[in-house]
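J.: Structure below; questions to follow.
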Amino acid sequence: ADAARNDTAHLPPRHALTLLRDRFASPGAHAGWVAARRTVVYLGRAAASLRAVANEEALLEALAVAAADAGWALEVLGDAPSPPLAAAAARMAAAGVVVGVHGAGWANLLFVGGGAQAVELALPEPHAIYAAHLAAALGIGYECVPLDGLGLHSAPRVPVRVGEVARAVRRAMRRHEA
């Protein structure tokens, strides 16, 4: 009870998150999590009113090259339109690496098996730790590439450092394969 009162971040506990993952995983996902997962899933924000990637075309091109160089595929889980939940869950179950800007799309990490890797294009605001917490609770490796600027949570568009993100994704692919 004391620990619950001291929880000022209000982050869900590991047991609740793993229970959710087990209950909502797409059929067959658990078997897929032990197989080789050689897909990078990019969490697109094209329809989002906040934090759309200003240089997304260059980013997707760099991610496609990084994935192809390693013999991986790149898939976009976008929001224009958002896919049905079952389709999103199946796509995420195949992910070895997930990459994207801080936002609601990271809730889809619930459908990714342990041992995968996450690369968040992270906000500088101190409250924006949700994807890192979710990854840690679910046994998913995590790396962040900080976005430049302040007050980005409410920014309509954010530029990302394409080369740095591509290097982080390459590291994540290597970690996943190790």
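J.: Keeping all protein chains in place, calculate the accessible area per residue for the chain (probe 1.4 angstrom), answer in Å².
T.: Values: 8690 Å² over 178 residues.
So the chain comes to 49 Å² accessible per residue, rounded to a whole number.
J.: Between Ala16 and Ala87, how high is the FRET efficiency from 1/(1 + (r/R0)^6) when r is the Cβ-Cβ distance and R₀ = 30 Å? Nearest 0.05.
T.: Values: r = 25 Å, r/R0 = 0.82.
Calculated transfer efficiency: 0.75.
J.: Now for a different question. Ratio of the chain's C-alpha Rg to 2.2 N^0.38 Å, to two decimals? Spell out each step's value before the answer.
T.: Values: Rg = 15.8 Å, N = 178, 2.2 N^0.38 = 15.8 Å.
It is 1.00.
J.: Quick one: if you stick a label point 7 Å off each Cα along the C-beta vector at Leu50 and Ala155, how many nm between them?
T.: It works out to 1.4 nm between the two label points.
J.: Next up: Do the sum for the chain: with -39,500 (n - 2.57) for every DSSP H run of n ≥ 4, divided by all residues, what is the mean residue ellipticity at 222 nm, to the nearest 500 deg cm²/dmol?
T.: Details: 7 runs with 69 residues, N = 178.
After summing the helix terms and dividing by residue count, I get -11500 deg cm²/dmol.
J.: Okay, next question. Return the whole-Å distance between the Cα centroid of the range 71-90 and the Cα centroid of the range 108-175.
T.: Each part reduced to its Cα centre gives a spacing of 17 Å.
J.: If we sort 142-155, 95-108 on the protection proxy, mean other Cβ atoms within 10 Å, highest first, what's the order?
T.: Numbers: 142-155: 15.0, 95-108: 23.3.
Ranking, from highest mean packing down: 95-108, 142-155.
J.: Kirkwood-based Rg over Rh for the range 62-159 (C-alpha set), two decimals?
T.: Over the Cα atoms of the range 62-159, Rg/Rh equals 0.96.
The values are calculated or read from the model by the stated rules, or taken from the named source; none is laboratory data. In this text, all values refer to a predicted model and were calculated from it rather than measured experimentally. Quick reminder, even Gly has a Cβ in these numbers, built from the backbone with ideal geometry, and neighbours come from all protein chains shown. The area values use the complete protein model at the heavy-atom level, side chains included, leaving out ligands, DNA and RNA. Shrake-Rupley method; radii C 1.70, N 1.55, O 1.52, S 1.80 Å.
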